[in-house]
Amino acid sequence: MALRVICQDDMGKEAVREGLKLIRLKNVNDKTAMRIGFDNGVLEMHCAYALRTDGMYSDNEIRQVLEKEL
């Protein structure tokens, strides 16, 4: 959903096409090990998927991280 919101217009699509190269997901054991970052075209999220939605970043958090660097 974060990418869907960013890509609503041509400018957003272009920014994603040029700026986002790779998405890395890593499953971690608990919330304290969670982190999100976007550097050099790589969006990396460490989430505690076993905790379901409590262990994931919201669409808005992901969107904000991406928009800040795109």
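Readers should treat all values here as calculations from the given coordinates under stated rules, not as data from a laboratory. Just so it is clear, the structure is predicted and the values come from calculations on it, not from any experiment. Positions of Cβ are generated from backbone atoms using ideal geometry, with glycine treated the same way; all protein chains shown enter the neighbour counts.
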Residue list for the stretch 48-66, filter: without any contact (Cβ under 8 Å) to a residue 60 or more places away in the chain and in a helix (DSSP H, G or I): 49, 50, 51, 52, 53, 54, 55, 59, 60, 61, 64, 65
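Out of curiosity, is residue 45 under 12 Å from the mean Cα position of the chain (by Cα) and either assigned to a strand (DSSP E or B) or surrounded by fewer than 13 Cβ atoms within 10 Å (Cβ to Cβ) (or both)?
yes
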Top-ranked residue of the stretch 13-42 - restricted to ones that are basic (Lys, Arg) and part of a helix (DSSP H, G or I), ranked as farthest from residue 1 (Cα to Cα): 31
Within the stretch 5-22, considering residues that are of a type in the set (A, V, I, L, M), surrounded by 13 or more Cβ atoms within 10 Å (Cβ to Cβ) and out of contact with any Phe, Trp or Tyr (no Cβ under 9 Å at 6 or more places or on another chain), the one farthest from residue 70 (Cα to Cα): 5
